[in-house]
Each structure stands twice: as C-alpha cells, then as structure tokens.
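Quick notes on the structure that follows.
The values are calculated or read from the model by the stated rules, or taken from the named source; none is laboratory data. No experiment lies behind these values; they were computed from the predicted model shown. Positions of Cβ are generated from backbone atoms using ideal geometry, with glycine treated the same way; all protein chains shown enter the neighbour counts. We work out accessible area using only protein heavy atoms, side chains counted, and drop any ligands, DNA or RNA first. Shrake-Rupley method; radii C 1.70, N 1.55, O 1.52, S 1.80 Å.
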Amino acid sequence: MLRHTLIALSLFACAASQAADYNCAVTPKDDIFMTPDNIQVIGRSGDLNITPNGDMTLNGKNIAATDEQKQQAIRYQAAIRNDLPWIKLESEQKLATSKQTLDKVVARVMGNDSNVRNRLTKLEKELNGQISQIIETRPNGYVFHHEAMKQVEAKGRQLVNESLGGILQDSINEMGRKQLLSGGDVNQALQGVLGNLGGLQQELDTEWKKQEKSFQQFGQQVCAKVTSLEQQRISLLNSVKK
C-alpha cells in the first residue's frame, strides 16, 4: 500500500496525466505561453496570439475579428490565465498534503528520527521539480510544455520506485536495530520487524483510503478544465478561419 500511495503522489507531478488516469478524453497537444500582455498557443493549428482585450494574430497575421469573436478570445485567454496557475498550485498543494500525511504516519510508527522522513522530503522536492517541467513558472508568467507530460510521468514513477526501495530498506534497518537493542534473539527480532512492517502498511492503507477520493476528484477537475480549454480553442479557431 505504501507503493500505491507513492505512485499516486508521482501522478501529481503530471496533472494532465492525472486527468488521463480518470478516463479524460482530451490530451493537450499545444504549448501555451502566458504573460500579462499576451497568451500564445503554439501547436497543431499554428501560432495563435491573444491579447487581454481580444486582439488576435494567427501565424503572424492580424485577424479582423468580429465583436463576438473578440469576446470568445477574451473568455478563452481568461480561462487559461485562471486554469494554468490553478493546476500547478493545486498539484503542489496536494503533493505537500499527501507527503505530510505520510510523514505523520512514519513519525508515529517509526519515530521522529527515522530517515524515511528525509526520503519523503527529498521525493516531494523532486516531484515538485517534475511539476515545473510541465507548467513552468517564469518572472512574467507561466509556460505549459505539452511534450513534457509523458516524460514527467515516466520520470515520476522512476523517482517513486527508487524512493520506495530506499524507504523499505530504511524501514527494515531501523526496525531491526530497535528490536535487537531491546533484547532477544535474531528470530524474535525478525518477527518483530515483520510485525512492525505490517503495522506500518496497515496505517498507510487507512490513510490511502482517506485520500483516494480526493485524488480522484482532482483528476476529474483537471480533466474538466483541460477539456473546456480545448473546446474553446477549437471553437475560436473554427470561427476565425471561416
């Protein structure tokens, strides 16, 4: 169950992949550059630029937009300005919350000085770095890199697998050391370690069940936002290309 929880954490390093895991029909295939002055969407349909007041260029050419098309553009760029930072912030917050929950379980079961807690802190930092590879924060805004999604998903799982191995080894070493220091023979120490590992797994199982619904809801929320943005993009481009 520790593996299940950590794998779920890794998915927060790729919000779009999180949406896909909940049967989201839309996979973003455009890069988005967001600054105070401009939204730029580069991908399958070319290079679209939108200002906050709805002025547009497509592949470097000005678009003579109607008032209705301008309003469409204003709504689309406003949605990007709202949703892109939201996805990154929520991913980071949920990652932090999940890490804190695991940390409390480890501290309670294995002690405040357990090295497992250091491993969880390191993993959180690494996964935050993966989040930033997809939604990059810049001094003047954000950039969404769509091609980074699959790479980050794979890297996130790799980081989790590496951490899991270290966590299990630390758990066995620390529990075994405590059992031996408390007295008894090796067989008794081994039985004690196995019992403690079982207790740790049970506690993590309980916490996972508490968080599972939140993970699912987040995936569904991301999917809804990604789907809405894609629908707005298609509708706007179809309108201006007529």
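Beta carbons closer than 6 Å, at least 6 apart along the sequence or on distinct chains, pair a first residue in region 83-100 that is under 13 Å from residue 222 (Cβ atoms) with a second that is modelled with pLDDT of 90 or more and assigned to a helix (DSSP H, G or I) for 83/225. Looking across region 106-127, the residues that are open to solvent by 30 Å² or more (accessible area, probe 1.4 Å) and touching a helix residue (DSSP H, G or I) at 6+ places or on another chain (Cβ under 6 Å) come down to 109, 115, 117, 119, 124, 126. Hey, any hits in region 59-76 for a residue that's part of a strand (DSSP E or B) and on the phi < 0 side of the Ramachandran plot? Yes; the residues of region 59-76 include at least one that is part of a strand (DSSP E or B) and on the phi < 0 side of the Ramachandran plot. When residue 127 is tested against the conditions (1) assigned to a helix (DSSP H, G or I); (2) more than 21 Å from the chain's Cα centre (by Cα), the lone failure is (2).
Applying the set (1) touching a helix residue (DSSP H, G or I) at 6+ places or on another chain (Cβ under 6 Å); (2) among the aliphatic types (A, V, I, L, M); (3) at pLDDT below 90 to residue 87 leaves exactly one unmet item: (3). Total residues in region 23-54 satisfying the condition of being open to solvent by 40 Å² or more (accessible area, probe 1.4 Å), aliphatic (A, V, I, L, M) and under 17 Å from residue 142 (Cα atoms): the figure is 1.
Just checking, does region 173-196 include any residue being at pLDDT below 80 and of a type in the set (Val, Ile, Thr)? The answer is yes, given that some residue of region 173-196 is at pLDDT below 80 and of a type in the set (Val, Ile, Thr).
Output yes when any residue across region 55-68 is open to solvent by 20 Å² or more (accessible area, probe 1.4 Å), at pLDDT 90 or above and either within 24 Å of residue 211 (Cβ to Cβ) or among the basic types (Lys, Arg) (or both), and no when none is. Yes, that holds for at least one residue.
It is to be established whether one or more residues within region 164-172 are crowded, with 16+ Cβ neighbours inside 10 Å, at pLDDT 80 or above, in a helix (DSSP H, G or I) and aliphatic (A, V, I, L, M). The answer is no, given that none of the residues of region 164-172 is crowded, with 16+ Cβ neighbours inside 10 Å, at pLDDT 80 or above, in a helix (DSSP H, G or I) and aliphatic (A, V, I, L, M). May I ask you to verify whether residue 112 is touching a strand residue (DSSP E or B) at 6+ places or on another chain (Cβ under 9 Å) and not small (Gly, Ala, Ser)? The answer is no for residue 112. When 32, 80 are screened for being touching a strand residue (DSSP E or B) at 6+ places or on another chain (Cβ under 6 Å), of a type in the set (Val, Ile, Thr) and in a helix (DSSP H, G or I), only 80 passes.
If you filter region 91-105 down to residues that are open to solvent by less than 10 Å² (accessible area, probe 1.4 Å) and not small (Gly, Ala, Ser), you find that the one that is modelled with the highest pLDDT is 95. Based on this model, can you work out whether residue 133 counts as open to solvent by 70 Å² or more (accessible area, probe 1.4 Å) and touching a helix residue (DSSP H, G or I) at 6+ places or on another chain (Cβ under 6 Å)? So residue 133 fits the description; yes. If residue 141 satisfies all but one of (1) out of contact with any helix residue (DSSP H, G or I) (no Cβ under 8 Å at 6 or more places or on another chain); (2) modelled with pLDDT under 95; (3) open to solvent by less than 40 Å² (accessible area, probe 1.4 Å), what's the number of the condition it fails? Only one criterion is unmet by residue 141, namely (2). Give me the residue from region 83-124 that is acidic (Asp, Glu) and in a helix (DSSP H, G or I) and, out of that set, farthest from the chain's Cα centre (by Cα). Within region 83-124, the match that is farthest from the chain's Cα centre (by Cα) is 103.
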